[in-house]
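The structure under discussion appears below in the form of structure tokens.
The values are calculated or read from the model by the stated rules, or taken from the named source; none is laboratory data. In this text the structure is predicted, and so the values were computed from the model without any measurement. Cβ placement follows ideal geometry from the backbone for every residue including glycine, while neighbour counts extend to all protein chains displayed. Note: areas computed on protein heavy atoms with side chains; ligands, DNA, RNA excluded. Shrake-Rupley method; radii C 1.70, N 1.55, O 1.52, S 1.80 Å.
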Amino acid sequence: RFLYLSEQLRIHEELAVLGDNPDTSPDVETPIAIDLRDDFFTRNEFHGGELGLVWEHCRERWSFEFLAKVALGSNRQWVNIQGQTQFATPGTAPDPDPLPGGLLAQPSNIGVYERSDFSAIPEFGATFFYHMNDCMRLSVGYTFIYWGNVVRPGEQIDRRVNPDFLVGDYDSNPQLPEFNFHTTDFWIQGLSLGFDYTF
């Protein structure tokens, strides 16, 4: 079985602060635009084998089918953290060399991180059928899939930030925010309606 989950979380802030303009008198303050971007990307790829069973019960025109199976295999986890800060003053182009790091993405946690981990993914399903005649039947079904041990972008954010990083002092300690793999659960529910005609 193959499953794929890819997500992105972007935090974008546009700020304006007042600062001294060296081209005018010291008493004149000019707004400076600050553009901050934090990007958190995650991807999960599951490859594995699957075992399961199907049980069916029939009574007159009605029938019921129950499905239970589990997939066992490797889940490849990938996290990409990016961030930058760009400055500009009114009437000028933005700084062509933005600073590395925004607010929650700093040089201490920016980068690409990968690993593989074991995952077990159970799936359960139930379907009711109504046989209108020998050729036609209606169906309604429900499916539930549980995927544990996945990386999602919101879980990779460390809200502890060293304020020295915000002014470009990246050698300051502590080196925060930091990156550690954090996993969570992901589940899917599905509802199906069907009509079968055989001839």
Taking a 1.4 Å probe, which of D185, D158 shows the most accessible area, and what order do the others take after it?
D185, D158
I need the peptides 119-129, 64-74 ranked by packing, meaning the mean over residues of other C-beta atoms within 10 angstrom, with the highest value on top.
119-129, 64-74
Which one of T85, F40, V161 is farthest out on the positive end of the charge dipole of the chain, using unit charges on Cβ (Lys, Arg +1; Asp, Glu -1) and the Cα centre as origin?
F40
Label assignment, volume of the Cα convex hull per residue in Å³ derived from the structure, set (1) 184; (2) 120; (3) 157
(1)
Label point distance in nm, A120-C135, each placed 7 Å from Cα along Cα→Cβ
4.7 nm
For the chain, what is the relative contact order in percent, using Cα pairs closer than 8 Å and at least 6 residues apart in sequence?
19 percent
Counting only protein heavy atoms with a 1.4 Å probe and every protein chain in place, the carbon and sulfur fraction of the accessible surface of the chain in whole percent equals 56 percent
Hits in the range 128-148: amide N under 12 Å from the 7 Å Cα→Cβ extension of L191, namely 140-143
Given the options Y142, L15, Y170, identify the residue whose Cα lies farthest towards the positive end of the charge dipole of the chain (+1 on Cβ of Lys, Arg; -1 on Cβ of Asp, Glu).
Y142
Residues in the range 123-154, backbone N under 11 Å from the label point at L5 (7 Å along the Cα-to-beta-carbon vector): list them, ranges by number please.
145-153
Can you sort R159, R76 by solvent-accessible area, 1.4 Å probe, largest first?
R159, R76
